[in-house]
Amino acid sequence: MGDVDARGEAALDLRARGRVVVALLPDRVMRRLNRQFRRKDYATDVLSFPSLAPGELGELAIAEGVCRRQ
């Protein structure tokens, strides 16, 4: 457990070691992933997926077009 901050809440040490995969995807691919995993039929900016493999933290999918427009 970490220190206690000014609000009296415990500050956790959340440093992690491992690999994160980052994929820059076209909006059409992100829309398909969002529909498949979240049942939302539009391209979102970022999706994250956890990993069960040792040494891997997970994957981030980023929609290029959505991020450019934001």
Apply the Karplus parameterisation 6.51 cos²θ - 1.76 cosθ + 1.60, with θ equal to phi minus 60°, to every residue of region 53-68 and state each ³J(HN,Hα) to the nearest whole Hz, in sequence, with x for glycine and proline. 7, x, x, 10, 8, x, 10, 10, 10, 10, 7, 4, x, 4, 5, 4
Please report the equivalent ellipsoid semi-axes of region 20-65, computed as sqrt(5 x eigenvalue) of the Cα gyration tensor, largest first, in whole Å. 20, 12, 6
Gained length - Arg69 relative to Val29, 0.36 nm times residue gap less alpha-carbon distance: 12.7 nm
Taking H placed 1.01 Å from N in the peptide plane, check which residues at least 5 places from Glu56 or on another chain put their amide H under 5 Å from its amide H. Arg19
Of the listed peptides 39-51, 14-26, what is their order by residue-averaged count of other C-beta atoms within 10 Å, with the highest listed first? 39-51, 14-26
Which whole-Hz ³J(HN,Hα) couplings does region 28-44 yield from phi under the Karplus relation 6.51 cos²θ - 1.76 cosθ + 1.60, θ = phi - 60°, glycine and proline marked x? 5, 6, 5, 4, 5, 5, 5, 5, 5, 9, 10, 6, 10, 8, 7, 7, 9
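Bear in mind that the values in this text are calculations on the coordinates, not laboratory data. All values reported here derive from a predicted model rather than from experimental measurement. With ideal geometry, Cβ positions are generated from the backbone for all residues, glycine too; neighbour counts draw on all protein chains shown.
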